[in-house]
Amino acid sequence: MASFKSGFLFNEIAQALDMKRIYFDNAATTPMDPDVLEAMMPYLTEKFGNPSSIYSYGRESRMAVEQARRTVARLLNAQPGEIFFTSGGTESTNAAITAAVRDLGCKRIITSPIEHHATLHSAAFLQETGQVKLCFVGIRSDGHIDLDNLENLLKESDEKTLVSLMHANNEIGNLLDIERVAFICRQHRAVFHCDTVQTLGHYALDLSKTSVDFINGAAHKFHGPKGIGILYIKNTLKVRPFIQGGSQERQMRAGTENLYGIVGFAKALENASAEMESQQVKINELRLYMANCLKAAFPGVIFNGDLYGHSLYTVLSVSLPRTEKTEMILMNLDIQGICASGGSACTSGANAGSHVIQVVNPRQDLITVRFSFSKYNTREEVEFTVSKMREMV
């Protein structure tokens, strides 16, 4: 554990870091791996053909798209025909929830109050327009989904139901027991959509063994490009196109494909899968090291979620006593070149507060900061950040 006695080597650490920005918001987005960009570059330059064109430029691009699809399917143990490329996690969530209601006949949605807004807003819209009933599963004191309550909610109605729950919470990091939820849904003939944006590329997913109907992912969460994601649709489901106007993505999503993004997605997922086990250990050690440093520096610190239990190894949610100084901590960290967030990237620019923290830790006397890590972070960055926080507070 770092020592915070007088004489701590602030200047040496700052010099070692060369005053570069320190990035601890990897749950929002990650820096792209250089070899991912290298894989994409030919499709940004000479291999620019439209994949729908029949001449050589088009065939070359079509081959790249389908090779990327096969790569993603292989890494997820799915069928290539079950993988659809989208613009990212939000589009995929919207498409999955809409398809479950419109095409699969779901009249009820069960979700949780701590889901990403892509899920909450989509479900709320369908409720407001009279298409579904909306139910919220209970949240335990440690921030985990109450799966006994989920089972009871499914038992209480015979209406066809969509269960939409995220694999890992993007703000507090708690992991869902995806296998148990899949089993519960199977027992009650419910459709299961799992938002895996925070876990795809971080945990091994075997979709041939896990009975999930829809999952979604985004390349920029595992060192790939922004603006490209996937939607997995189980091949037993009959779903209509979710964007009309063309034959792309096997007539499911019209519009010219994001060719270089698709290539980048596959390369980033291939990289992440190859180094997954070693990075899980390394990054989790760094996360716990920061937790220990914060406990030493701030005796009143609180960690949101199940930090030492079933939790995503990249996320550390920290609450400090609210004072005039802690209320300005994110701004002051930014002035020091340290990037962190108050919650999800979708709301971190606002002062309304995180809807997740309001549920799991609703105390008004606390200020929450989320640190999230990648393979590019170091202990020196952690020590420098905690030191600067201690100076501020």
Cut-off of 10 Å, at most 11 other beta carbons, DSSP loop: longest stretch of the chain lacking such chymotrypsin sites (Phe, Trp or Tyr not before Pro): 56-307
Cα centroid separation, the stretch 219-290 to the stretch 88-141 (Å): 21
Between the stretch 297-347 and the stretch 30-87, what is the C-alpha centre distance in whole Å? 37
How much net charge surrounds Lys267 when only other residues with a Cβ under 9 Å from its Cβ are counted (Lys, Arg +1; Asp, Glu -1)? -4
Can you flag which of Lys234/Lys375; Lys155/Lys234; Lys160/Lys234; Lys325/Lys388; Lys226/Lys375; Lys155/Lys238 are past 20 Å Cα-Cα? Lys234/Lys375; Lys155/Lys234; Lys155/Lys238
Mind putting a number on the dipole of the chain about its Cα centre? Charges go on the C-beta only, +1 for Lys and Arg and -1 for Asp and Glu, and I need it in Debye to the nearest 20. 640
Let me spell out the model: positive unit charges on the Cβ of Lys and Arg, negative unit charges on the Cβ of Asp and Glu, origin at the Cα centre of the stretch 254-393. What dipole size does that give, in debye rounded to 20? 260
In the stretch 54-192, what percentage of the DSSP-assigned beta bridges are antiparallel, given to the nearest 5? 20
Mean Cα-pair separation over length for the chain, i.e. relative contact order, pairs under 8 Å, 6 or more apart, %: 23
The chain - mean residue ellipticity at 222 nm from DSSP helices (-39,500 (n - 2.57) per run, n ≥ 4, rounded to 500): -12000 deg cm²/dmol
Gain upon complete extension [Gln131, Leu237; 0.36 nm per residue less C-alpha separation]: 36.2 nm
Approximate spin-label separation His117-Thr256, in nm, with each point projected 7 Å along Cα-to-Cβ: 3.1
Taking just the alpha carbons, could you work out the radius of gyration and Dmax for the chain, both in angstroms? 21.9, 70
Rounded to two decimal places and with Rh computed the Kirkwood way over Cα pairs, what is Rg over Rh for the stretch 84-172? 0.96
Under a no-solvent Debye model with one identical scatterer per Cα of the stretch 256-390, what's log10 I(q)/I(0) at q = 0.11, 0.12, 0.17 Å⁻¹? -0.47, -0.55, -0.99
Report the charge-dipole magnitude of the stretch 189-329 in Debye, nearest 20, computed about the Cα centre from +1 at each Lys and Arg Cβ and -1 at each Asp and Glu Cβ. 340
Not counting the cut sites, what is the longest span of the chain without GluC sites (Glu not before Pro) that DSSP labels loop and that have at most 16 other Cβ atoms within 10 Å? 160-274
Ranked on Cβ counts within 10 Å of their own Cβ, fewest leading, Ser341, Ser211, Ser92, Ser278 go Ser278, Ser211, Ser341, Ser92
Once you treat every alpha carbon in the stretch 36-114 as an equal point and sum by Debye, what is log10 I(q)/I(0) at q = 0.15, 0.17, 0.21, 0.24 Å⁻¹? -0.75, -0.87, -1.07, -1.18
Full-extension gain between Glu277 and Ser157, please, as 0.36 nm times their residue separation minus the C-alpha to C-alpha distance. 39.1 nm
For the chain, what proportion of DSSP beta bridges, expressed in % and rounded to the nearest 5, is antiparallel? 55
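Every number in this text was worked out from the coordinates using simple rules, so none of it is lab data. The structure presented is a predicted model; accordingly, all values stated were derived computationally and were not measured. Every residue, glycine among them, receives a Cβ derived from its backbone with ideal geometry; neighbour counts consider all protein chains shown.
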